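Here the structure is laid out as structure tokens; the discussion comes afterwards.
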Amino acid sequence: MSEVEEPKMPEREGEVETATMPDPESAFGDVDVDQPLVGIIMGSESDKPKMEGAGKALEEAGIRFEERVMSAHRTPDVVTDYCKNAQMRGLRVIIAGAGMSAALPGVAAAHTALPVIGVPIAGKNLGGMDALLSIAQMPPGVPVGCMAVDGSKNAGVYAARIINTAAPAG
Ligand code: RP5
């Protein structure tokens, strides 16, 4: 019969026993090492073709990303949840593309401290000027890095530069 080890009790009253640290492998075994570093969000399924350049540029730079469709006007709660949790989930940059009255990048920036890169998408009327001004004209304190109209490739390149030049945390 094996001997059962008695639990170690504090030696003096009020003394707190030092916690035993778990080994790193078991402590971080659940952490997903493939987690994305960039979130590419866009206001509509119809924006997907115009936003492909961002993903391609990130792929070329070897940076993991995820893509989601969400709208500042049609699904505002989804945008809020996604952006509030983005940093905690390990994202380092958000790329947000939208057309027409393109509120998505600005609303994203209002809900996260991560850098947000906005991509104005040209719609059927106004040649993208509507989205360009919506994204560029952010109020002081809530910045969005505004790319060219339909400039999703540069958004991906810019996100890669941010990630590759950032000082390590701590
Ligand atoms: C914006 O309205 C979207 O980003 C898209 O560019 C535009 C039109 O959206 P759909 O009507 O094609 O869904 O919010």
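Computed from the coordinates by the stated procedures, all read-outs in this text should not be read as laboratory data. Computed from a predicted model, the values in this text were never measured in an experiment. Positions of Cβ are generated from backbone atoms using ideal geometry, with glycine treated the same way; all protein chains shown enter the neighbour counts.
What's the total number of residues in the stretch 86-108 that are free of Cβ contacts under 8 Å to residues at least 40 places away in the same chain and either more than 15 Å from the ligand (Cβ to nearest atom) or touching a Ser or Thr at 6+ places or on another chain (Cβ under 6 Å) (or both)?
Qualifying residue count, the stretch 86-108: 3.
Can we say K124 is within 16 Å of the ligand (Cβ to nearest atom), more than 19 Å from V157 (Cβ to Cβ) and of a type in the set (K, R)?
Spelling it out, K124 is indeed within 16 Å of the ligand (Cβ to nearest atom), more than 19 Å from V157 (Cβ to Cβ) and of a type in the set (K, R).
When E66 is evaluated against the numbered criteria (1) assigned to a strand (DSSP E or B); (2) within 16 Å of the ligand (Cβ to nearest atom), which criterion, by number, is the only one it fails?
Checking E66 against (1) assigned to a strand (DSSP E or B); (2) within 16 Å of the ligand (Cβ to nearest atom), the one that fails is (2).
Could you pull out the residue among A167, A148 that is touching a helix residue (DSSP H, G or I) at 6+ places or on another chain (Cβ under 7 Å) and over 14 Å from V38 (Cβ atoms)?
Just one listed residue meets the conditions, A148.
Would you mind listing the helices (runs of 4 or more DSSP H) fully within the stretch 74-170 where at least 3 residues are surrounded by fewer than 20 Cβ atoms within 10 Å (Cβ to Cβ)?
Those helices (runs of 4 or more DSSP H) span 76-86, 129-136, 152-165.
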